[in-house]
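Below is a structure I'd like to ask you about.
The values are calculated or read from the model by the stated rules, or taken from the named source; none is laboratory data. Please read all numbers here as calculations on a predicted model, not as lab measurements. Quick reminder, even Gly has a Cβ in these numbers, built from the backbone with ideal geometry, and neighbours come from all protein chains shown. What goes into the accessible areas is simple: the full protein's heavy atoms, side chains included, and nothing from ligands, DNA or RNA. Shrake-Rupley method; radii C 1.70, N 1.55, O 1.52, S 1.80 Å.
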Amino acid sequence: AGVDRCLAVDSNGIFHSFRWAWKPSDGDEDHSPAEKKAIDQGNFIAQRELPRFKTVPRLIHAPSKREYTIPAVAISKTLFASRSVLLVLSDGDGCGGLAMQLVDPSKATVKGEALVPSVHSSKITCIAMDPIGTAAGHGGVGGELAIVGSADGGSSLWRFMSSHYLPLRPRIRMRGHAGRKVQAVALSSAIHICASVSEDRCCIFSVGNGAMIRSWAPPKNTLPMLSSNTNSKTIFCDTRALGLSVQGFVVTVCKTTMFNDDNVATRSVITLHLFSLEGVSLGSKALESWRGVPHKITCTPDGTAVTVCSGRGVTIHRLSAITPLEFIDEWHITETDELDESTPAAWDVDFGPSLMRPIVAAAGCSSGVLRLHALPGISPWSERHKKSSIGIGKAFSKTGGRIKNAMGKTFGFGKTAVGTGKEIGKEVTAEVKERGVGGFLAGTLFRKTNK
């Protein structure tokens with residue numbers, strides 16, 4: 001949000017605002033002058049903003065602790081109302097209502113909210129948003145497109161152009177899942193395509209008129225090692241992770257269950273599967289059992305790779321028909337070598353401040369941590385946006401967990417209170433020592449900075 005803010009929502013539906021800054025340094029003495037100039041070196045300084053408020057800023061509706069579910073929520077990448085507030089969409093009442101809130105990212109306070117009841121006949125299960133017009137670097141009026149999926153088997157498309165006039169009805173309603181719950185949705189305004197996934201169907205729709213372009217069933221060949229005599233069944237996994245690339249690729253999460261002769265399930269394998277927009281299966285990638293089910297899939301701006309949030313961190317895979325879902329690198333969010341179901345997982349990742357030239361990535365983790373990741377070009381960017389008074393507050397020298405990032409280096413990250421699954425406790429920040437930024441993401445997310 002803006003150039004130095006980050007807005008997060010925890011599993012209890014509470015908003016949290018963070019302010020960050022990058023402090024460049026001269027680097028290690030072991031590096032030559034040419035190496036020091038080629039890489040970014042420095043550390044993060046961050047703190048959580050704690051403004052005064054009469055009531056806790058939170059979503060209109062948050063699931064009870066008995067439901068054990070994370071609320072469906074999406075935060076816009078576009079700033080509304082003279083670039084001062086963000087639009088937050090969420091499940092409004094658990095019965096099909098859609099909640100719209102305007103949140104000030106500098107204070108995490110709700111400036112306005114509205115509830116549109118009975119948008120769907122059942123609970124809203126997933127939401128995805130994508131900027132349009134000038135906000136996405138294209139011509140036309142800026143704003144956001146949003147696709148909302150529901151347990152009633154339908155999805156709806158919304159367009160938000162101004163914070164003064166919030167829509168009361170969707171532009172388009174889309175169906176195609178025969179009443180089965182929509183588990184995940186994705187949207188790409190650049191290619192005018194949106195997608196929705198249920199247990200046994202993936203549907204592609206046109207953003208212009210809502211017409212279904214293509215639909216297909218789960219693949220049958222997710223695990224090549226299985227023999228033809230093996231009794232197995234593959235479905236689309238019940239997760240909100242779904243990727244739609246500007247290059248025309250669709251990334252889904254599948255679950256293959258194997259049965260014995262008595263038709264009793266013996267093993268389940270989670271895989272990523274790559275499709276074309278025509279529904280052609282291009283390949284799959286089996287995930288380790290300790291990673292669990294992926295929570296979020298995000299495509300890079302140029303559409304050549306995806307980041308997958310799952311157990312232990314964020315993995316990066318290539319989008320290509322020749323080498324489908326080839327593993328490129330991984331960001332670790334934990335120092336432990338014990339890999340099991342209790343391993344901390346990444347739930348979401350976002351890039352900013354610019355959509356086309358991001359210089360920082362923020363990852364929300366299941367352990368109640370927000371991690372900041374430096375990307376190439378952050379030092380020149382911070383110098384251009386340097387302010388006379390940052391006011392970030394005190395930074396602690398204690399280094400947090402390491403992260404093996406996609407650039408092949410190692411970072412340290414301190415803990416900040418945010419999260420999915422834990423109440424916010426004491427405030428903790430850390431000074432992050434960074435040993436150089438470069439590698440794959442330098443050419444995938446953006447152009448390299450001039451030396």
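Which distance in nm do the two modelled labels at Glu383 and Glu338 give, with both placed 7 Å along the Cα-to-Cβ direction?
It works out to 4.6 nm between the two label points.
Greater than 29 Å separation of Cα atoms is the criterion. Which listed pairs, Lys107/Lys255; Lys23/Lys285; Lys107/Lys296; Lys54/Lys386; Lys107/Lys386, meet it?
Listed pairs above 29 Å: Lys107/Lys255; Lys23/Lys285; Lys54/Lys386.
Then there's this: Which order do peptides 174-182, 110-118 fall in by mean Cβ count within 10 Å, highest first?
174-182, 110-118
Quick one: length gained pulling Leu115 to Asp200 fully straight, 0.36 nm per residue minus the C-alpha distance?
Full extension of this stretch gives 27.5 nm more.
Return one whole number: the accessible area per residue of region 244-315 in Å², for a 1.4 Å probe.
Counting only protein heavy atoms, the per-residue value for region 244-315 is 37 Å².
Identify the chymotrypsin sites (Phe, Trp or Tyr not before Pro) of region 105-182 meeting these criteria: DSSP loop state and at most 13 other C-beta atoms within 10 Å of the C-beta.
Qualifying residues, ordered by number: Tyr165.
Shifting gears a bit: Could you work out how much longer the chain between Arg52 and Ala217 gets when fully extended? Use 0.36 nm per residue separation minus the Cα distance between them, nm to one decimal.
Extending this stretch completely gives an extra 54.3 nm.
Next question, about the same structure. Would you work out what percent of the accessible area of region 307-390, with all protein chains in place, is carbon or sulfur (probe 1.4 Å)?
That fraction is 51 percent.
Moving on to the next point. Quick one: what are the phi-derived ³J(HN,Hα) couplings along region 275-284, Karplus 6.51/-1.76/1.60 with θ = phi - 60°, whole Hz, x for glycine and proline?
For region 275-284, the Karplus-derived couplings read 10, 8, 5, 7, x, 7, 6, 9, x, 9 Hz, x marking Gly and Pro.
Let me ask another. Post the alpha-carbon centroid distance, region 205-264 to region 295-322, in whole angstrom.
If we compute the Cα centre of each part, the gap is 17 Å.
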